[in-house]
Ligand SMILES: Nc1ncnc2c1ncn2[C@@H]1O[C@H](COP(=O)(O)OP(=O)(O)OP(=O)(O)O)[C@@H](O)[C@H]1O
Ligand SMILES: [Mg+2]
């Protein structure tokens, strides 16, 4: 089912995720269909508990969905066994989490190359250098995470997500733990990665300013897609959120 | 709320089980060995309580020679005393008794029973006697010089039926008898697996002992006197010049049981030494588990402190937990130990030490000991971690992750180095002549120093040993290497049990290698023949002296000479004399005579070693007074001095010295030199035929013989390895527990790695290599210490004739390989657990 001509880096079709059963049933995702276009920066917003993280986890093969299908770079995620799914995450998907992104025993450089090293893959050295330069980490490469600031750690995480030239990068509140200056720095790098390095990024955020770095915003509410906004600015986002009754 | 509480307890339960596991193992070995020893004692007690069941009095000589290793030889008494005893009023029946070596040869020419090890093979007197345990089940008792009776078990094992011809080997040689009866022993067919050949009194004296002599007299009373009165009456009837004593049946039973008890107690002590080593190793594991669990609960404890718990309360909470763990663990350990004692019997059986089986005995002292010691060790091991837990600052509750306090104090380094320096100084000062007791302290200092330094050296050593893993396993290797180095205290505590086990094994191996190479050297130097006949019998029985004579006259043989050993008293102390045949010894067995000649060795003379001569300032012509087992005292003149005393010992005499006495004498080896030009192959079959005629001893080529001499060392070694294996098991369990706790602690990290693309098999590889590196740290440091320890032991035994130290290269290599395999095996379960880490839970928990 690999279809390179597909313009979507990732696509969810009628995805539902149900926790528990019967009375205590929680529909974290309710029949969600969404596409993330190649080379675009998409933000996902929505109130707490609306299913943003769940959507990312299902799309990234970290969690199983109850119904529906997800394709990454044309590959049907649900059909993969654990081993191939792991390879998919390693080779086609990049991750940035809110915290605890790095392996404490490895240096920054090793952390950046981790997916490549795990795949016994040398990777594209030119590309890796470019990524490292983009996130300004040249002089921090031999440091371990405990010797880096929170912002630097997140930059390493972004660099790691980029290192294997994945089809898509998922970032769940990557700036949630950072002050706004440092956060903006990270967002600028992500923006650059999309513009200059032609990467595809999907980012969950609560912050309208952060969201305005994206090309498009998808709004979730109660596990459903509640709307979309293209070419957002912080003001537009705030207005839209008011409309949705946030 | 209930759910959370329940989950907490369940989480704790897993930790409780892990902590208890170490206690369980440690105490299981303690109770296992105690139960095993008690059971063994009881088995033998029961066995010997039957022997003299119907004997009211027991007459024997008072003359005993005690030699090293608790061996004793009691004199025989003249047979005419039997009549004297019979005349005493109150005596109903008497039996002259002989208990001597006799081995029954099966129809296939192989002796029944195992030579050397295993139950003894007896020759005795069998006759109608009221107090006897032997009763005829088929045929009749033997009468006359050509008849024999066998015990039922032996008859069955050898497939003998009445009127068969049975060959029996005894001190005086081998002889064929007609089987005229089969006897049973009380209600059992054979006591404790021993074999018995029973003769009439005259035959027994002549064939088993010396004519005119018996070992003891069994008396059965007519009931008119009490046992004590009877014994006194008999004692009065025998003239004092015979030097005899009369015991009651109860006394001789008690004495026999006590003797066995003493013999067994050595074994019991050996077992308990190793079980305490295992417990010591186990306490490291317990300490480690408490430390890790305290570290993992740091936040919880800090929170308690923050909401107002005092230091004391936090510490006390942990100590209470340790009491629970200690009680629970040692109770389970006690029960497991009872099962273990059975396994121990099986282990010994595998080492071809067969023991009679009996009911299980669980002494109360074993129960109390196990629980009390288990509890003390557990609480003591938890003491430091508990105190540390109390010291947690309330602020630690706010910290992101609980990392064990890893700062390595300078004090520790200095303290460790000082201990090591003290160790070195002690050992060096001994080599310069200080008292040897310092050696023990030296070793203790050195070990304590190394273990104190453990956390300091763990990191660099882990990084060094992890290099290959990194090289061959890429990033998983890197992570394993870093993981094993990230928490040096934990790593060193995990490796310490391995270190102790490996150090002990290496030291034993070094000792064995040194002894082996020494034996090799000594025999190569002193044994000049082509073949040897060896016997594994020690102390009881051996080769008939006529075997050497028979072989000496064979046409292919230039010379064959027998070497034997006598126990005598010199200056009131038990001593061994080596007996040689001066007529045949030259050129076959070399004792390195430096003065005198073999011809000078007569029934009036003795040779002594050069070392003895120097120590006692004696010279040729001096006199030595020797008391033999039959109370005969001889004054021997020193007629020669020799240098090679490793085999011959301090004294060497001619075997003719005891030819006409009642003293038992066997050869322990026969050395054979072939005539020039005789081919080894053709001679061998002829020699073998001669040996087969006696049904005893093993014919070996020079090389085989020398190897077999070291072989017995290896057997002892096997036992010691088996016992040290207990400690190794605990060390492995220690690694498993630590890895499990580490995996638990690193759930998030593992989840993250899985998220960014680490496959399950890579997760397993990481855990496995971490385990291997930890195990190798213990092994490498342990080997270094073990070689040192071995050297010290060999040095301490220098006076015992151990002169050269050999490094056991082969053993060292196999220990390294073993620890590699142990590392891999220990990681199996933790690695599997690591792959089961819930990916989402791990990365979403903040
Ligand atoms: N393991 C789980 N079991 C049961 N319900 C769950 C589980 N994980 C998530 N949920 C529920 O699913 C819904 C969606 O959760 P999700 O974490 O996706 O929200 P979110 O949009 O990421 O919220 P936030 O902005 O707070 O991170 C929530 O109602 C949550 O309670
Ligand atoms: Mg979320």
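With a 10 Å radius around each residue's Cβ, average the other Cβ atoms per peptide and rank A:54-66, B:307-319, highest first.
Listed from highest to lowest mean packing, they are A:54-66, B:307-319.
What separates the Cα centres of the stretch B:688-703 and the stretch B:119-137 is a distance of 31 Å. The alpha carbon gyration tensor of chain B gives principal lengths a ≥ b ≥ c with a/c of 1.5 or higher and a/b greater than b/c, which makes the shape prolate. With contacts taken as Cα pairs under 8 Å and at least 6 residues apart, the stretch B:52-261 reaches a relative contact order of 35 percent. Between residue B:615 and residue B:829, full extension at 0.36 nm per residue minus the direct alpha carbon distance yields a gain of 70.8 nm. For chain A, the longest principal axis of the Cα atoms and the long axis of helix A:82-92 meet at an angle of about 70 degrees. Counting other Cβ atoms within 10 Å as a rough exposure proxy, the listed residues A:77, B:424, B:332 run B:424, B:332, A:77 from fewest neighbours to most. In terms of the mean number of neighbouring beta-carbon atoms within 10 Å, the peptides A:202-212, B:680-690, A:113-123 order highest first as A:202-212, A:113-123, B:680-690. Averaging the sequence gap over all C-alpha pairs within less than 8 Å and six or more residues apart, then dividing by the number of residues, gives the stretch B:536-696 a relative contact order of 34 percent.
The separation of the stretch A:64-107 from the stretch B:784-824, counted between C-alpha centres, amounts to 52 Å. Shape class of the stretch B:556-673 from the Cα gyration tensor (axes a ≥ b ≥ c, square roots of the eigenvalues): oblate, since a/c reaches 1.5 or more and a/b does not exceed b/c. A helix-only calculation puts chain A at -9500 deg cm²/dmol for mean residue ellipticity at 222 nm, using -39500 (n - 2.57) for each DSSP H run of at least four residues, averaged over all residues. Rounded to the nearest 0.05, the FRET efficiency derived from the C-beta distance between residue B:800 and residue B:417 at R0 = 30 Å is 0.35.
Compute the angle between helix B:760-796 and the longest alpha-carbon principal axis of chain B, please, reported from 0 to 90 degrees and rounded to the nearest 10. On a 0 to 90 degree scale, this one is about 40. What the Cβ-Cβ distance of residue B:242 and residue B:553 gives, at R0 = 30 Å and to the nearest 0.05, is a FRET efficiency of 0.15. When only alpha carbons are used to place a centre, the stretch A:158-192 and the stretch B:630-677 end up 93 Å from one another. Peptides B:727-739, B:548-560 ranked from most to least packed by the mean count of surrounding Cβ atoms within 10 Å: B:727-739, B:548-560. Rounded if a/c is under 1.5, else prolate if a/b is larger than b/c, else oblate: which is the stretch B:187-267, with a ≥ b ≥ c the root eigenvalues of its Cα gyration tensor? The shape class here is oblate.
Contact order normalised by length for chain B, with contacts defined as Cα pairs under 8 Å and 6 or more residues apart; what percent is it?
Dividing the mean separation by the residue count of chain B yields 17 percent.
Over chain B, DSSP H runs of length four or greater, each weighted -39,500 (n - 2.57), average out per residue to a 222 nm ellipticity of -19000 deg cm²/dmol. Applying 0.36 nm per residue to the separation of residue B:698 and residue B:784 and subtracting their alpha-carbon distance, the gain on full extension is 27.0 nm. Please give the residues of the stretch B:612-646, grouped as numeric ranges, whose backbone N is less than 12 Å from a label point set 7 Å along the Cα-to-Cβ vector of residue B:594. Under cut-off, by backbone N: B:612-615, B:641-645. Mind giving me the FRET efficiency for residue A:19 and residue B:161? R0 is 51 Å, r the Cβ-Cβ distance, nearest 0.05 is fine. Taking R0 as 51 Å, the efficiency between residue A:19 and residue B:161 is 0.05. Relative to the longest principal axis of the Cα atoms of chain A, the long axis of helix A:234-243 makes an angle of roughly 20 degrees. Extending 7 Å from the Cα toward the beta-carbon at both residue B:226 and residue A:206 defines two label points whose distance is 9.8 nm.
Considering only A:125, A:37, A:165, the mean-square fluctuation computed in a Gaussian network model of chain A, springs between alpha carbons under 10 angstrom, is largest for A:125.
Coordinate-derived values only; no laboratory data. Worth saying up front: this structure is predicted, and the values here are computed from it rather than measured. Note: ideal-geometry Cβ built from the backbone for every residue, glycine included; neighbour counts use all protein chains shown.
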